Structure formats: structure tokens, C-alpha cells
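K.L.:
Shown below is the structure under consideration.
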Amino acid sequence: MGLHIPDITAAEKQKVYECLDSTFVSSVGSFVGDFERGIAEFTGAGYGIAVSNGTSALQVALELAGVAAGDDVIVPTLSFIATANAVSHAGAQPYFVDSDEQSLGMSVEAVRQVLRDSRSTPDGLVNSATGRRIGAIVPMHTLGHPMQIVELVELADSYGVPVVEDAAESLGSRVGSRHTGTFGTMGILSFNGNKIITTGGGGMILTDDEEIARRARHLTTTAKQVHRWEFEHDEIAYNFRMPNLNAALGLAQLERLPDFLVAKRRLAERYRQAFESFDDAVFLAEPTGTQSNYWLCAVRTRGGRERRDALLEATNDAGLQCRPFWNLLHLQTPYRNLPHARTPVAEALHDSVICIPSSPALAVA
């Protein structure tokens, strides 16, 4: 039993066949624009810009937020490595902070400490731990559970630091009635094969700012000038546009997203009830005041790393694909020598959390 298997039906195949029949399978075609508009409408964002994957979406969003070479970007150490890699691709350096025990996301208090200890300069806020300007803050909505994004944006605004949300895992998650990825200057989504809906590979930048949307679209399509036949490009840019073929798959998946979300919540409730009787594991539920998409359901074990690994060995031996959290970013080979804040909560979460099979089809199994 896999951790998260995409749910593909005849509807997706039909939409892909339509794209193949159109012969527009690459960066030109109607499905990309339709998918962008569909995601924007679903999330309530003003604009959606479809790109090749979530990492490229985050890289471009950081650059558009004003992150410059040599800046620090505050990132949770408990995240998939793509979050940090996007910062590096933008020419900046990740500065890792701790997690919040309830939401699993970036700790607002940990960020507050960094900003409070920083010094103000004419060029912006400078991190006292590194001597670098703080270019942005990138919270991540872990496993689809919304972090304390309202509090974080209020804090960041008070210091004049932009927030770019890594909402790669949280399509369908909300704080109150507002969708994740729409609180900061920009947000990004991922449509990788293991996400709640997939385009095979793909991502999207979300923003309410018309000029940012225009620039994002321009930068991700090689900065080509509009002309009937000339190939004129006005700056060095990226070939990051989502292919039409991927967008066709995504459109069919998007039509099924409401049903996926219902199935995910049904599965989460079944897990919650099942683990009520367990002494050594607790189901991780959505934070109060939020609605999680429960992208991955997870439990927290009692007994630390030794107990976690024993359960992982037993479940995987039984054919159940369970996984721990990603290894903490400040301990990963490319980043282990960088300065970072203290991370006791993230370390405890890493040593005790297990992600369990979460495919929407399991809700009807």
C-alpha cells in the first residue's frame, strides 16, 4: 500500500487525448490558461501562473518579492529540501528556524526572535546572526496543515519583510474561509505526482497583484516579446512554463478536487478514531480554526527515534508504505554548515512523526 497514489480515471485520459489531438502539447495551448484560471478561482487568488514545478514557482516568486543575491531567507528546517533549494537557486541563503508543535509549520515565535534581534539598515533588516539582509520569509504548510499564517504575516509586515508561502502541499486547505497561499505577497503550489491533484509535474504562483502576475508570466516564458513572428527577448529569463499536456491532466483532476477533499477528511476521521485506543501513537489533527486538506495523514509516536524506527520497520515489512518526516534541512549535506536558529521542536517532531498511507481511494476501501 503506497503512501499517496494518484487517482487517475477515464476523465483524465480523455482530457489528455484532447490535448494530444490538438497537437499543442508544449508551452502553447488553451489548457494552460484554463488551468490557471481554475486554480485561481478555487483558491480565491487574483492570478495563477502555471510553471514546470513547485521549486521553480518558489524561485521565481522569491525573485519577484525582491530577494537579492546574498540575502537571507527565513525557512523552516522541517520542510522538503526543495524549499531551501529554491532559495539557493534565487542566489540567497536559507536561514533555518524551528517549528510549531501544534501546526507542524514554522514557529512564529522563532521568527519573531530573529526579527527582534536583527538591526535596521537603509537597505533593510539585517540578520544579526549572519550579517545578511533578510529578503523574505517562507513558511510551509506542513502535510497540508495550515501554519499560523495570519500571525506570521502581521509580524512580517511590522518589520517590512515579504512573506512568500510554500503552499505546495496544501491545495484545499484554509484558515477560516481563506485559502492557504493567498496571505503573503505570493504563494506557490505543487502538482507533483504525489500531491492531492497532479499534473504529472508542475507548480503555480498565486498572487493578487496584477503587475507581479504579469512579471511572473513574462519571466517564466523566456521574456519573449509579443509578436506574430519575431523572437525578441528583453531580459535573461526562464523556460518554466507548464506544458499544455500537463495542464490538460490538471484540469481533469481539478474537477475532482472537491471529491478528493471529502475523501481525505473521511480517511482522516477514520484514522483519528482508530488511533484513539492506541497508547503509543497520537493522530495529528488539523490546527484549531483551520481546515486541512490532510494531504498526508500522520501520527506522532511516544518513545522517540527508537520507537519510530521500530514502527517504520514493522509497517514497511507488512507492505504499508509509511515514512518519517524529511531529514531536517540544517542537517542536510548542502546546508549543514550554515548558521541557523535553535530547532528543538523540529528535532523532536522529526524523531517521532510517521506519515501513513493517505491516498483518497483508501476512504472507500
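K.L.:
Return the long-range amide H neighbours of A92 (sequence gap of 5 or more, or a different chain), with a cut-off of under 5 Å between placed amide H atoms.
P.N.:
Those lying under 5 Å, H to H, from A92 are G70.
K.L.:
Also, I was wondering about something else. Once you keep just the Cα pairs under 8 angstrom separated by 6 or more residues, what percentage relative contact order results for region 237-314?
P.N.:
Relative contact order comes out at 22 percent.
K.L.:
Taking a ≥ b ≥ c as the square roots of the eigenvalues of the Cα gyration tensor of region 145-227, is the shape rounded (a/c under 1.5), prolate (a/b larger than b/c) or oblate?
P.N.:
On the way: a/c = 2.65, a/b = 1.21, b/c = 2.18.
Cα axes put region 145-227 in the oblate bin.
K.L.:
Right, another one. Tell me what the chain gives for mean residue ellipticity at 222 nm when only DSSP H runs of n ≥ 4 count, each as -39,500 (n - 2.57), the sum divided by the residue total, rounded to 500 deg cm²/dmol.
P.N.:
On the way: 10 runs with 131 residues, N = 365.
Result for the chain: -11500 deg cm²/dmol, rounded to the nearest 500.
K.L.:
In nm, what is the difference between 0.36 nm times the number of residues separating M1 and E306 and their Cα-Cα distance?
P.N.:
Full extension from M1 to E306 adds 107.4 nm.
K.L.:
Quote the charge dipole size of region 85-181 about the Cα centre in Debye, to the nearest 20; the model charges only the Cβ of Lys and Arg (+1) and of Asp and Glu (-1). Intermediate values should be presented prior to the final figure.
P.N.:
On the way: 7 positive and 12 negative charges, 55 e Å.
For this selection, approximately 260 debye.
K.L.:
By how many nm would the segment from T333 to A348 lengthen if fully extended, with 0.36 nm per residue of separation less the alpha-carbon distance? Write out the running numbers ahead of the final one.
P.N.:
Working: separation 15, 0.36 × 15 = 5.40 nm, distance 2.02 nm.
Additional length available on full extension: 3.4 nm.
K.L.:
Sticking with this one: Could you tell me what percent of the DSSP beta bridges with both partners in the chain are antiparallel, to the nearest 5? If you can, show how the numbers build up before the last one.
P.N.:
Values: 30 of 45 bridges.
About 65 percent, rounded to the nearest 5.
K.L.:
Using a/c under 1.5 as the rounded threshold, could you call region 121-280 rounded, prolate or oblate? The axes a ≥ b ≥ c are square roots of the C-alpha gyration tensor eigenvalues, and prolate needs a/b larger than b/c, oblate otherwise. Walk me through the intermediate numbers first.
P.N.:
Numbers: a/c = 2.62, a/b = 1.22, b/c = 2.14.
Here region 121-280 falls in the oblate category.
K.L.:
Right, something else. Return a whole-number percent for the relative contact order of the chain, with Cα pairs under 8 Å and 6 or more residues apart as the contact set. Please report the intermediate quantities before stating the final value.
P.N.:
Values: 813 pairs, mean separation 89.0, N = 365.
RCO, the chain: 24 percent.
K.L.:
Measuring from label point to label point, each 7 Å out along Cα→Cβ, what is the T23 to D280 span in nm?
P.N.:
6.3
K.L.:
From the P(r) of the chain, could you give the percentage of C-alpha pairs in the tail past 26 Å? Please list the in-between numbers first.
P.N.:
Working: 33466 of 66430 pairs.
When all Cα pairs of the chain are counted, 50 percent exceed 26 Å.
K.L.:
Per-residue counts of other Cβ atoms within 10 Å, averaged by peptide: what ranking do you get for 332-340, 31-39, 244-252, 78-86, highest first?
P.N.:
Numbers: 332-340: 13.9, 31-39: 20.9, 244-252: 25.1, 78-86: 23.4.
Sorting 332-340, 31-39, 244-252, 78-86 by mean packing, highest first, produces 244-252, 78-86, 31-39, 332-340.
K.L.:
So, in nm, how far is label R266 from label I8 when the simple model puts each one 7 Å beyond its Cα toward the Cβ?
P.N.:
The two pseudo-label positions are separated by 2.4 nm.
K.L.:
Can you give me the three principal axis dimensions of region 254-365 from its C-alpha atoms, in Å, biggest first?
P.N.:
Result, largest extent first: 45, 32, 28 Å.
K.L.:
Need the full-extension length gain, A361 to D157, defined as separation in residues times 0.36 nm minus the C-alpha distance. One decimal, nm. The partial results should precede the final answer.
P.N.:
Details: separation 204, 0.36 × 204 = 73.44 nm, distance 4.12 nm.
Separation in residues times 0.36 nm, less the Cα-Cα distance, equals 69.3 nm.
K.L.:
I would also like to ask the following. Can you tell me the convex hull volume per residue for region 1-65, based on C-alpha atoms, in Å³ to the nearest whole number? Let's see the in-between values first.
P.N.:
Details: hull volume 9.2 nm³, N = 65.
Per residue, the Cα convex hull of region 1-65 comes to 142 Å³.
K.L.:
Also, quick follow-up: Assuming R0 = 25 Å, can you tell me the calculated FRET efficiency for the pair H233 and A69, based on Cβ-Cβ distance, to the nearest 0.05? Walk me through the intermediate numbers first.
P.N.:
Working: r = 22 Å, r/R0 = 0.87.
Once the sixth-power term is evaluated, E becomes 0.70.
Rule-based calculations on the coordinates, nothing more; no lab input. Since this is a predicted model, take the numbers as computed values, not measurements. Cβ atoms come from the backbone with ideal geometry, glycine included; neighbour counts cover every protein chain shown.
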